[in-house]
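The values are calculated or read from the model by the stated rules, or taken from the named source; none is laboratory data. Every value quoted in this text rests on a predicted model; they were computed, and no experiment measured them. Note that each Cβ is placed from the backbone with ideal geometry, even for glycine, and that neighbours are counted across all protein chains shown. Just the protein is used for accessible areas: all its heavy atoms, side chains included, with ligands, DNA and RNA removed. Shrake-Rupley method; radii C 1.70, N 1.55, O 1.52, S 1.80 Å.
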Amino acid sequence: MVSPVQRPDERDVPQRACSFALPVCAHAPAGVPGSALLESLADLEAAMRAYDALGLPRPLPDGARGGSPAYDLYLERGPRRPARVGHDLRAIGERFDAASAFAIVAAPGRGGCSSASDAAYALGHAVATRLDAGAEEGALAMTASYLAAIAAPCPAEELAAIDAFQRAPERALTGAALGALDGALLFPWYLDDAYGTGTPAQVAMSLLAIAAQPTPGGAARFRAEPDTFDALRASLRSRGKDLDDLLLEFAIARAFVGSRSDGAHLSDVERFGDFGRVRFEWSLPYATLPRRVAPLRPIEPTGATYLWLDLAAEGAAGGPDLEAAEITLVADWELPALFRWAIVKVDRQGAEAGRVEVAGIFGESRAQRTVVGLDGLAGLLIVGVNAGSMIRSRPFDPDDAPFMPHAYTVWLSR
């Protein structure tokens with residue numbers, strides 16, 4: 001329960017500025033310009049107003065820490081580095097695990113929107129720890145990143161985060177460390193698009209609230225069970241769906257981000273341009289089949305993998321009749337992972353023209369499917385996702401990090 005990040009001593013941050021209207025304060029060491037202190041305070045106020053407009057709870061008051069019950073943001077001199085977010089001990093009198101929070105960030109002074117993004121990220125983390133202080137680090141990082149992107153859009157920060165996320169689709173969704181904007185914000189973004197009611201961040205925050213739990217007295221660590229993925233499983237079950245269905249759907253939507261967007265999957269992602277393009281493991285011309293391929297790196301639980309079968313060249317050259325052709329996919333993977341697969345038909349405008357999903361079968365490590373009707377397509381996008389262990393009693397748990405990745409091979413023939 002003890003935060004790895006500790007609050008600075010008040011003697012080290014003698015400068016302090018607090019809002020007259022909102023419960024937020026900024027602190028700084030001697031030598032930081034007063035203008036930087038006031039800029040950070042204004043960023044905090046803007047972020048809190050945005051979260052208030054979304055109907056989110058404010059951070060838990062921290063008593064007299066920092067000189068008042070307000071949320072505290074501590075500035076530091078030197079080059080910018082990832083924010084260090086911390087929490088206080090579990091709040092007394094709360095029914096479920098809740099804690100007040102704080103953050104240490106670089107002082108403004110470099111221009112741009114990075115300082116506003118840092119403040120919004122820090123405050124978003126504090127909102128999340130009020131709902132569930134025991135939530136897994138990856139879920140907190142994902143939620144704080146998504147909230148920061150809503151409250152303080154910063155293209156430079158978001159492009160870098162999305163680019164890093166899409167370049168490594170094999171990573172687990174909860175693999176991020178707290179402190180920096182993470183591209184996994186696309187996952188709660190997708191949850192809002194697919195299952196939300198129109199108000200941003202409601203699904204992600206609801207999952208934190210559902211997963212909240214009381215930790216028994218005397219425990220050294222928060223009891224993070226159930227976790228946010230347990231809450232997600234329970235919510236999906238009421239809709240007749242499984243988590244592996246959702247992971248596959250998100251993996252497909254993730255392929256249509258940035259300059260590959262067709263406007264039918266994730267909303268407002270065209271702005272990421274080529275930075276939003278997910279990395280394909282292979283791009284295979286139709287004429288080279290049959291082929292057997294494997295990924296560059298194994299896939300972690302909840303991670304995804306992508307293969308592209310290019311049909312455009314054959315169609316343009318008037319080659320074989322693609323309308324009568326068929327493609328057979330045979331995928332094999334390592335136990336005990338459960339992989340789910342989908343074959344997505346992509347037309348010549350880059351839009352999804354249909355898909356064939358290959359259901360995962362517990363106890364099996366092979367999937368096979370044949371696809372017909374290839375005429376008029378630019379290609380086939382093969383999407384795979386590691387849905388976690390096929391052992392039913394051991395579903396994916398984000399607290400099991402570091403995760404054990406698993407590899408696969410795919411055989412494509414015509």
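Can you give the relative contact order of the chain as a percent, counting alpha carbon pairs under 8 Å and 6+ residues apart? It would help to have the intermediate numbers written out before the result.
Numbers: 909 pairs, mean separation 52.4, N = 414.
Relative contact order here is 13 percent.
Using mean Cβ contacts within 10 Å as the protection proxy, how do 210-220, 119-129 order, highest first?
Details: 210-220: 13.3, 119-129: 28.9.
Taking the mean over residues of other Cβ atoms within 10 Å, the ranking is 119-129, 210-220.
Can you list the cysteines of the chain that have no other Cys Cβ under 4.7 Å away?
none
Reported to two decimal places, what Rg/Rh ratio describes the stretch 211-302 when computed on Cα atoms with Rh from the Kirkwood expression?
On the way: Rg = 19.4 Å, Rh = 17.1 Å.
Ratio of gyration radius to Kirkwood radius: 1.14.
Please report, in Å, the Rg and the Dmax of the stretch 345-414, where both are computed over Cα atoms only.
15.9, 46
Counting only DSSP beta bridges with both residues in the chain, tell me the antiparallel percent, nearest 5. List each step's numbers first, then the result.
Working: 48 of 61 bridges.
For the chain, the DSSP antiparallel bridge percentage is about 80.
Please get the size of the charge dipole for the stretch 67-106, origin at its Cα centre, with Cβ charges of +1 on Lys and Arg and -1 on Asp and Glu, quoted in debye to the nearest 20.
On the way: 6 positive and 5 negative charges, 49 e Å.
The dipole of the stretch 67-106 has a size of about 240 debye.
Counting alpha carbon pairs within less than 8 Å and at least 6 residues apart, what relative contact order, in whole percent, applies to the stretch 1-130? Each step should come with its number before you reach the end.
Values: 248 pairs, mean separation 36.5, N = 130.
Here the relative contact order equals 28 percent.
Please report how far the C-alpha centroid of the stretch 251-298 lies from that of the stretch 326-390, rounded to the nearest whole angstrom.
13
What fraction of the DSSP beta bridges in the stretch 250-374 is antiparallel, stated in percent and rounded to the nearest 5?
Numbers: 13 of 17 bridges.
Bridges in the stretch 250-374 that DSSP calls antiparallel: roughly 75 percent.
Taking the chain as a Gaussian network, Cα atoms linked when under 10 Å apart, which of Leu335, Leu140, Leu247 shows the biggest mean-square fluctuation?
Sorting by GNM fluctuation, first place goes to Leu335.
What is the stretch 103-226's relative contact order, in percent, from Cα pairs under 8 angstrom and six or more apart in sequence?
Values: 163 pairs, mean separation 34.0, N = 124.
In percent, rounded to a whole number, it is 27.
For the stretch 84-91, in order, what is each residue's ³J(HN,Hα) by Karplus, 6.51 cos²θ - 1.76 cosθ + 1.60 with θ = phi - 60°, in whole Hz (x at glycine and Pro)?
Result, rounded to whole Hz: 10, 9, x, 9, 8, 4, 3, 5.
How high is the FRET efficiency from Ala264 to Ala312, r the C-beta distance, R0 22 Å, rounded to 0.05?
Taking R0 as 22 Å, the efficiency between Ala264 and Ala312 is 0.65.
If Rh is defined by the Kirkwood formula over all Cα pairs and Rg also comes from Cα, what ratio Rg/Rh do you get for the stretch 268-414? Mind dumping the intermediate values first?
Details: Rg = 16.3 Å, Rh = 16.3 Å.
Over the Cα atoms of the stretch 268-414, Rg/Rh equals 1.00.
Taking H as built 1.01 Å from N, whose amide H comes closer than 5 Å to the amide H of Arg58, not counting residues under 5 places away?
Long-range HN contacts for Arg58: none found.
Ignoring any ligand, DNA or RNA, what whole percent of the accessible area of the chain comes from carbon and sulfur when the probe is 1.4 angstrom? Don't skip to the end; give the middle numbers.
Numbers: 9180 of 17160 Å².
The C+S portion of the solvent-accessible surface of the chain is 54 percent.
Along the stretch 221-234, what does the Karplus equation 6.51 cos²θ - 1.76 cosθ + 1.60 (θ = phi - 60°) give for ³J(HN,Hα), rounded to whole Hz, x for Gly and Pro?
10, 4, 8, 8, 10, x, 9, 5, 6, 5, 5, 5, 4, 5
May I ask you to order 38-45, 289-296 by the average number of other C-beta atoms within 10 Å around their residues, highest value first? Write down the numbers at each step before the final one.
Working: 38-45: 21.6, 289-296: 13.2.
Put in order of decreasing packing, that is 38-45, 289-296.
How large is the translational diffusion coefficient of the chain in µm² per second when you combine the Kirkwood radius over alpha carbon pairs with Stokes-Einstein at 10 °C and 1.306 mPa s?
70
As an exercise, find the ratio Rg/Rh for the stretch 234-275 from alpha-carbon atoms, using the Kirkwood inverse-distance average for Rh.
Working: Rg = 12.8 Å, Rh = 11.3 Å.
Rg divided by Rh gives 1.13.
How would you rank 168-176, 8-16, highest first, on the average number of other Cβ atoms within 10 Å across their residues?
On the way: 168-176: 22.7, 8-16: 13.4.
The most tightly packed comes first, giving 168-176, 8-16.
Once you put a point 7 Å from the Cα of Phe96 and another 7 Å from the Cα of Arg394, both along the Cβ direction, what distance in nm separates them?
Roughly 2.8 nm, to one decimal.
Using the Karplus equation 6.51 cos²θ - 1.76 cosθ + 1.60 (θ = phi - 60°), what ³J(HN,Hα) coupling, rounded to whole Hz, does each residue of the stretch 383-392 give in order, writing x for Gly and Pro?
10, x, 9, 7, 7, x, 6, 7, 6, 4
State in Å² the accessible area per residue of the stretch 190-313; use a 1.4 Å probe, count heavy atoms of protein chains only, and round to the nearest integer. Could you put the intermediate results ahead of the total?
Values: 5280 Å² over 124 residues.
Accessible surface, normalised per residue, equals 43 Å².
I'd like to check one number: the per residue accessible area of the stretch 116-168, probe 1.4 Å, reported in Å² as a whole number. Don't jump to the answer; show the numbers that get you there.
Working: 1170 Å² over 53 residues.
I get 22 Å² per residue for this part.
Give me, ordered by chain and number, the residues 5 or more places off Ala353 or on other chains with an amide H under 5 Å from its own placed amide H.
Amide H to amide H, under 5 Å and 5 or more residues apart or across chains, Ala353 pairs with Lys345, Val346, Asp347.
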